[in-house]
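The values are calculated or read from the model by the stated rules, or taken from the named source; none is laboratory data. Quantities reported herein were computed from a predicted structural model and do not represent experimental measurements. Every residue, glycine as well, gets a Cβ built from its backbone with ideal geometry; the counts of neighbours run over all protein chains shown. With ligands, DNA and RNA removed, areas are computed over all heavy atoms of the protein, side chains included. Shrake-Rupley method; radii C 1.70, N 1.55, O 1.52, S 1.80 Å.
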Amino acid sequence: MANQEENLKNIIGHAKEYGFVFPSSEIYDGLSAAYDYGPLGSELKNNIKQYWWKAMVQMHENIVGIDASIFMHPTTWKASGHTDAFNDPLIDNKDSKKRYRADVLVEDWVVKIEAKINKEVTKAAKRFGEAFNEAEFRATNPRVTANQEKIDSAENRFKTAMDADNLEDVRQLIVDLEIADPVSGSRNWTDVRQFNLMFSTEMGAMADGASTIYLRPETAQGIFVNFLNVQKTSRLKIPFGIAQIGKAFRNEIIARQFIFRMREFEQMEMQFFVRPGEEMKWYEYWKEARMEWHLALGIPEEKYKFHDHLKMAHYANAATDIEFDFPFGFKELEGIHSRTDFDLKQHEKHSGKKLQYFDPELNESYVPYVIETSIGLDRMFLAILSNSIKNEQLEDGSSRVVMRIPNFLAPCKAAIMPLTKKDGLPEKAREILKTLQMDFNCQYDEKDSIGKRYRRQDAIGTPISITVDHDSLEDNSVTIRDRDTMQQERVAIADLSSILFNKLKLK
Ligand code: ATP
């Protein structure tokens, strides 16, 4: 645990020191759960967006993008269920005065019991060696089955209580499971209350006509209300998708863990419209496709896993999370939901407008079913950052901090460095910069020794450093150094552009 905290602290420190992420309004001691992206952070964020947009929109003939407004007609949220049901069950500890989400307390308890089971399995695997049959062991070992029964019964009881809005029993479950405040160890809990996560504000002049509107808590509704506009203008045939990247706002009960849980954040969402009855096929398709998108980054597979949520959102009939192994353990990075025809039907009901698709092959109109993929841009940013920052011991006994970020996501692609600040080397370096900066985000760096400059570029993940020396003036060649291997190579200036293209392209 101490190690995990240390690790997160290092990431936050690194992000601040190199201009990736700053606390919001820091000169006023910051604002909880709000962060600002600095020069390198905004580059990285843009690159992640581009990777998602390319994969989702440009590489699919049947997926198009939109950019809807944050403010929407207030009835939108009545129809979508957010006004009445976008709640989290909150509970306070009377001794520590800390506030928690009741569902998260139960989930963390489940993870603890699962860890006990896994420990038994690992022990047995060692004892039995090659002959070990894990499935049989899990099904028959009395300690394992007893713990599994405990989990199943707690999960069932939680789900039943939530479905029936029986908050007293949610509290009783926490008491019965002997769940203690993770900070203080106290079991002195208040009642469980529902808390709506939407931010509200007034639109227009404050006079009588002013009406309460909400900052959108998800980008999805902007897609649903535009469903027919987009389908008709883009002449799309089912199955098709509409994608969007944009800000969302949630008044989260607890906002810890850096940019993992913010009150203002960014989502990359895609709603895929399908024939009723075909949703499970497409749900499976998108589960696989989204995992492939993640793995294409070259981040180890064991950092990801699927997790079916205990508490299904009010609109879903199947839901899974892609979890990532963050510095504080496996947590949701992306959600994939089968949203049925809930949203479109609700908007039909509340607007009085038909939101149906005429299927020429079936010769009938229907309200499509929807599969949603929804990933938090900020969480993806944290996943990339936490997986890339490495403290490496080098052969010569020294060490370096390096960001081993996938090259095509690197905020700065190449650093151009004159060996010295005189003899025409800066001019030559700037000439090279000019030829590259149209296609690649580059930095010009002439300060400090070349070794220090390399370290600085390593720390921000720049894939290539280009050094201009006295020979460059004669032979029009430069030395390039690779961030990961630290190998150096002499190349012609005329080849730099194609070398960079090859090194940076997404495979
Ligand atoms: P959690 O259970 O962690 O609160 P959620 O299940 O409410 O998340 P969704 O409603 O499925 O989240 O939202 C889709 C995605 O948006 C999430 O997978 C996550 O990446 C991102 N997201 C949601 N809430 C936040 C937040 N407060 N800060 C940053 N990203 C968020």
* Considering Val401, Val367, which residue is touching a residue at least 60 places away in the same chain (Cβ under 8 Å), hydrophobic (A, V, I, L, M, F, W, C) and under 29 Å from His347 (Cβ atoms)? -> Val367
* Could you count how many residues in the range 397-441 are part of a strand (DSSP E or B) and touching a Pro at 6+ places or on another chain (Cβ under 8 Å)? -> 2
* **Positions within the range 288-319 being outside any helix (DSSP H, G or I), open to solvent by 50 Å² or more (accessible area, probe 1.4 Å) and under 17 Å from Met56 (Cα atoms), in sequence order** => Ala296
* **Scan of the range 1-23 for residues that are exposed (fewer than 11 other Cβ atoms within 10 Å of the Cβ) and of a type in the set (A, V, I, L, M, F, W, C), ordered by number** => Met1, Ala2
* Determine whether Lys390 is free of Cβ contacts under 8 Å to residues at least 60 places away in the same chain, under 30 Å from Arg261 (Cβ atoms) and of a type outside the set (Gly, Ala, Ser). => yes
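Rundown of residues vs (1) open to solvent by 90 Å² or more (accessible area, probe 1.4 Å); (2) closer than 30 Å to Lys349 by Cβ; (3) away from the ligand (no atom under 16 Å from the Cβ), yes/no style:
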| position | (1), (2), (3) |
| --- | --- |
| His73 | yes, yes, yes |
| Ala85 | no, yes, no |
| Lys112 | yes, no, yes |
| Ala115 | no, no, yes |
* Of all residues in the range 340-373, count the ones that are surrounded by fewer than 20 Cβ atoms within 10 Å (Cβ to Cβ) and within 16 Å of the ligand (Cβ to nearest atom). => 1
* To do: Return the total of residues in the range 20-41 being more than 15 Å from the ligand (Cβ to nearest atom) and either of a type in the set (Val, Ile, Thr) or outside the structural domain of Leu385 (by TED's automatic domain parsing) (or both).
  => 1
* Structure fact -> If we keep only residues of the range 139-158 that are open to solvent by 90 Å² or more (accessible area, probe 1.4 Å) and either of a type in the set (D, E, K, R) or not assigned by TED's automatic domain parsing to the domain that holds Ile174 (or both), then the residue farthest from Leu173 (Cα to Cα) is Arg143
* Scan the range 258-287 for residues that are open to solvent by 60 Å² or more (accessible area, probe 1.4 Å), more than 14 Å from the ligand (Cβ to nearest atom) and within 25 Å of Glu107 (Cα to Cα) and jot them down. => Glu284
* Structure fact -> When (1) at pLDDT 95 or above; (2) within 16 Å of the ligand (Cβ to nearest atom) are applied to Gln172, the one that fails is (2)
* Could you check the range 1-77 for strands (runs of 3 or more DSSP E) lying wholly inside it with 1 or more residues that are without any contact (Cβ under 8 Å) to a residue 60 or more places away in the chain and over 23 Å from Leu409 (Cβ atoms)? => 21-23
* To do: Please enumerate the residues belonging to the range 451-492 that are among the hydrophobic types (A, V, I, L, M, F, W, C), buried (at least 18 other Cβ atoms within 10 Å of the Cβ) and not in a strand (DSSP E or B).
  => Ile460
* Single condition Ile322 does not satisfy, out of (1) aliphatic (A, V, I, L, M); (2) farther than 27 Å from Phe227 by Cβ; (3) in the same structural domain as Ala220 (by TED's automatic domain parsing) -> (2)
* Asked: Would you call Lys247 within 16 Å of the ligand (Cβ to nearest atom) and open to solvent by 60 Å² or more (accessible area, probe 1.4 Å)?
  -> yes
* Structure fact -> The number of residues in the range 163-191 that are in contact with a Pro (Cβ under 7 Å, 6 or more places away or on another chain) and open to solvent by 30 Å² or more (accessible area, probe 1.4 Å) is 1
* Give just the number: which of (1) under 15 Å from the mean Cα position of the chain (by Cα); (2) open to solvent by 20 Å² or more (accessible area, probe 1.4 Å) does Ile336 not satisfy? => (2)
* Is at least one residue of the range 232-240 within 9 Å of the ligand (Cβ to nearest atom) and surrounded by fewer than 21 Cβ atoms within 10 Å (Cβ to Cβ)? -> no
* **Options Thr201, Thr219; residue that is among the hydroxyl-bearing types (Ser, Thr, Tyr), modelled with pLDDT of 90 or more and open to solvent by 50 Å² or more (accessible area, probe 1.4 Å)** => Thr201
* **Considering residues of the range 87-104 that are within 16 Å of the ligand (Cβ to nearest atom) and either open to solvent by 50 Å² or more (accessible area, probe 1.4 Å) or farther than 29 Å from Thr219 by Cβ (or both) only, the residue modelled with the lowest pLDDT** => Arg99
* Is there a residue being under 22 Å from Arg256 (Cβ atoms), more than 10 Å from the ligand (Cβ to nearest atom) and assigned to a helix (DSSP H, G or I) anywhere in the range 320-339? -> no
* Return yes when Ile213 is more than 16 Å from the ligand (Cβ to nearest atom) and either outside the structural domain of Val370 (by TED's automatic domain parsing) or under 30 Å from Val367 (Cα atoms) (or both) and no when it is not. => yes
